[in-house]
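J.: Take a look at this one; I'll ask things after.
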């Protein structure tokens with residue numbers, strides 16, 4: 001019976017040690033998942049928020065440039081009109097490339113709807129613009145005014161996309177900070193728990209006749 005009691009006492013530190021290892025392993029896995037989430041959030045802020053926001057500003061500038069070229073088209077000479085058509089065609093290619101890049105990023109549902117509306121509106125504006133640039137006669141005032149109204153709608157939808165970008169970016173930033181805080185809290189909790197386990201292991205060692213305990217301490221028991 002005494003032998004079984006000794007085996008039981010010696011098994012206590014081993015069980016506590018295994019428990020410590022399980023806690024360290026579990027906390028390490030959870031903390032790694034949290035850090036991966038933070039890394040993903042930071043990457044998303046750059047890839048899906050910062051870069052597309054820059055593209056929105058470029059789209060806005062290109063639309064203003066096209067609007068100015070159209071306004072100057074009527075008074076331009078024949079050679080100047082051909083150059084204007086070439087410039088507008090180049091701007092249209094840039095617009096399409098930026099929109100494709102923007103669409104390839106992560107978009108929330110509201111962004112997808114606004115972007116789809118923007119593309120449809122841009123298609124209508126480009127069709128009207130092409131008809132106006134195809135004539136050498138003075139541009140009809142009504143069609144010029146309609147082009148200006150459609151251009152304003154495009155700028156309004158770009159502004160709406162920019163507002164969504166900022167809102168989603170702030171949400172990602174807050175989520176990243178919250179995850180980082182949770183990781184720090186878990187780390188502190190793990191350290192505190194390890195200290196408790198170490199004290200428990202020390203207690204188990206000192207209250208058992210373990211071979212590793214010095215002889216002068218084998219009869220020492222903690223209450």
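Read-outs throughout are calculated quantities, based only on the coordinates presented, and are distinct from any laboratory measurement. Note that the coordinates shown come from a computational prediction; the quantities given were computed from them, not determined experimentally. Every residue, glycine as well, gets a Cβ built from its backbone with ideal geometry; the counts of neighbours run over all protein chains shown.
J.: Can you sort 112, 66 from fewest to most other Cβ atoms within 10 Å of each residue's own Cβ? Intermediate results must be reported in sequence, preceding the final value.
T.: On the way: 112 11, 66 22.
Lowest count first: 112, 66.
J.: A further question follows. Take 105, 190, 54 and order them by how many other Cβ atoms sit within 10 Å, fewest up front.
T.: 54, 105, 190
J.: Can you sort 106, 73 by how many other beta carbons sit within 10 Å, fewest first? Could you put the intermediate results ahead of the total?
T.: Details: 106 12, 73 21.
By the 10 Å Cβ count, ascending: 106, 73.
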